[in-house]
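The next block holds one structure in the form of structure tokens; read it before the comments.
The values are calculated or read from the model by the stated rules, or taken from the named source; none is laboratory data. Computed from a predicted structure; not experimentally measured. Glycine also receives a Cβ, built like all others from the backbone with ideal geometry; neighbour counts cover every protein chain displayed. Protein only, heavy atoms only, side chains kept; ligands, DNA and RNA dropped before computing areas. Shrake-Rupley method; radii C 1.70, N 1.55, O 1.52, S 1.80 Å.
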Amino acid sequence: FLLGRKDNMARACARFRRIFGPEAFEYLPKTFMLPADRAELLSDWEARKDSGQMYIYKPPSGCKGIGIRIISDPLTQISQKANAVVSHYLDDPFLVDGLKFDMRIYVVITCFQPLRVYVHEQGLVRFCTAKYEGSAKKTRKNRYR
């Protein structure tokens with residue numbers, strides 16, 4: 001369950017970036033854990049606001065898309081005391097037949113020294129129900145795109 005929470009996963013990824021270098025994790029969008037990283041998030045927004053950078057706001061332990069929002073102005077759209085994970089929104093995601101998707105692979109790690117990992121032979125893939133339109137601004141009102 002540790003990595004099943006978005007805040008714990010973000011902390012683990014930040015730790016891995018420090019250990020292995022940021023180039024090893026270029027595929028992960030810049031992520032901020034609020035409220036601790038609020039000043040860093042606002043600094044990032046200030047530097048990028050003219051580019052139209054959008055952010056995705058997620059509660060740390062939510063599920064089923066509840067509480068997820070696409071935002072453009074963290075200063076006014078996120079409470080100062082919010083407990084959340086905020087990442088750069090990717091405007092150019094990898095698509096399958098024009099659809100966004102997520103893929104889950106289930107693993108169990110039984111030992112770290114030596115590393116022993118079991119990967120379940122079945123996973124889960126979920127596809128959006130509508131074609132991706134290519135801009136967060138176009139899909140802000142519909143989280144299923």
Residues of the stretch 92-128 being among the charged types (D, E, K, R) and open to solvent by less than 70 Å² (accessible area, probe 1.4 Å), in sequence order, are Lys100, Asp102
Being touching a residue at least 40 places away in the same chain (Cβ under 8 Å) and touching a Lys or Arg at 6+ places or on another chain (Cβ under 6 Å) is the filter here; which residues of the stretch 36-63 pass it? Lys58, Pro60, Ser61
Restricting to the stretch 87-122, give me the number of residues that are out of contact with any strand residue (DSSP E or B) (no Cβ under 8 Å at 6 or more places or on another chain), over 20 Å from Arg48 (Cβ atoms), of a type in the set (D, E, K, R) and not in a strand (DSSP E or B). 1
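Every residue, every condition in (1) within 30 Å of Val107 (Cβ to Cβ); (2) among the hydroxyl-bearing types (Ser, Thr, Tyr), yes or no:
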{"site": "Glu26", "(1), (2)": "yes, no"}
{"site": "Ala39", "(1), (2)": "no, no"}
{"site": "Glu46", "(1), (2)": "no, no"}
{"site": "Lys49", "(1), (2)": "no, no"}
{"site": "Asp73", "(1), (2)": "no, no"}
{"site": "Thr76", "(1), (2)": "no, yes"}
{"site": "Ala84", "(1), (2)": "yes, no"}
So is Pro93 of a type outside the set (Val, Ile, Thr) and either within 23 Å of Asp44 (Cα to Cα) or under 15 Å from the mean Cα position of the chain (by Cα) (or both) or not? yes
